[in-house]
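Note sheet for the following structure.
The values are calculated or read from the model by the stated rules, or taken from the named source; none is laboratory data. Because the structure is a prediction, the values reported are computed rather than measured. Note that each Cβ is placed from the backbone with ideal geometry, even for glycine, and that neighbours are counted across all protein chains shown. For accessibility, only protein heavy atoms count, side chains too; no ligands or nucleic acids. Shrake-Rupley method; radii C 1.70, N 1.55, O 1.52, S 1.80 Å.
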Amino acid sequence: MNSRLRILFNGIIAENPTFVLLLGMCPTLGTTGSATTGMSMGLATMAVLICSNVVISLIKNLVPAKVRIPAYIVVIATFVSVLQLVMQAYLPALNAMLGIFIPLIVVNCILLGRAEAFASRNGVIDSCLDGIGIGLGFTLSLTLLGAVREFLGSGTIFGCQIYPESYGSLIFVLAPGAFIALGLLIALFTKLRTKEA
């Protein structure tokens, strides 16, 4: 497989941030009450990840080693601020749904981890592809977790009623359901990955 395709697909399966690396658990558990909020959080994080990876790759030789991490955080925080302002202006309902989790993207360990492990050591195109791959993996994970919780808890997926809400299990709508659903999905993902190997 082409090395650039490998970089792109690496974040979806081999280095999936949620199911393999277990990174970003705060937004994973906090925003996956539905498939819509899970997907929205994943896409917001992916946008910041792609932009910050590209900029960090561009400035990697200009930043002294002593201030490397603070410089990366400033870059990430800048893109998060832009994202939040855009969401407040054009998607106020979604911004209200995600709430505090949008500004918390700044401290999401996925972004700083990819900046340090990949963007600071690779070129712009590869860093952009890494951001897309890791971002897609994170988005797919959050969407899947949100869909499972929404389906089991209220009988809907993306707001479409599949079965009567009264048949749903309330625990999946609440915080403990996030842990249960995440644990089951991690076990399933691990089983599928080991089967392929």
Original post:
Which of the residues that make up region 1-19 are in a loop (DSSP other than H, G, I, E, B) and open to solvent by 40 Å² or more (accessible area, probe 1.4 Å)?
Top reply: M1, N2, I13, A14, E15
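Does P103 count as under 25 Å from V74 (Cβ atoms) and open to solvent by 40 Å² or more (accessible area, probe 1.4 Å)? Write out each step before concluding.
Values: under 25 Å from V74 (Cβ atoms): yes; open to solvent by 40 Å² or more (accessible area, probe 1.4 Å): yes.
Judged against the criteria, P103 is a match.
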Subject >> Candidate set: region 175-197, residues that are aliphatic (A, V, I, L, M), open to solvent by less than 100 Å² (accessible area, probe 1.4 Å) and at pLDDT below 90; chosen: the one farthest from G146 (Cα to Cα) >> reply: L192
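Being open to solvent by less than 10 Å² (accessible area, probe 1.4 Å), modelled with pLDDT of 95 or more and assigned to a helix (DSSP H, G or I) narrows it down to one residue among V86, V74, V80; which is it? Walk me through how you get there before you give the answer.
Details: V86 fails: open to solvent by less than 10 Å² (accessible area, probe 1.4 Å); V74 fails: open to solvent by less than 10 Å² (accessible area, probe 1.4 Å).
On inspection, the qualifying residue turns out to be V80.
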Subject >> Search result, residues across region 147-197 that are touching a residue at least 24 places away in the same chain (Cβ under 8 Å), within 24 Å of L23 (Cβ to Cβ) and either assigned to a loop (DSSP other than H, G, I, E, B) or acidic (D, E) (or both) >> reply: E150
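Results for (1) open to solvent by less than 50 Å² (accessible area, probe 1.4 Å); (2) at pLDDT 95 or above; (3) under 11 Å from A115 (Cβ atoms); (4) not aliphatic (A, V, I, L, M), shown as yes or no for each residue.
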site: C26; (1), (2), (3), (4): no, no, no, yes
site: G42; (1), (2), (3), (4): yes, yes, no, yes
site: S57; (1), (2), (3), (4): yes, yes, yes, yes
site: K66; (1), (2), (3), (4): no, no, no, yes
site: I69; (1), (2), (3), (4): no, no, yes, no
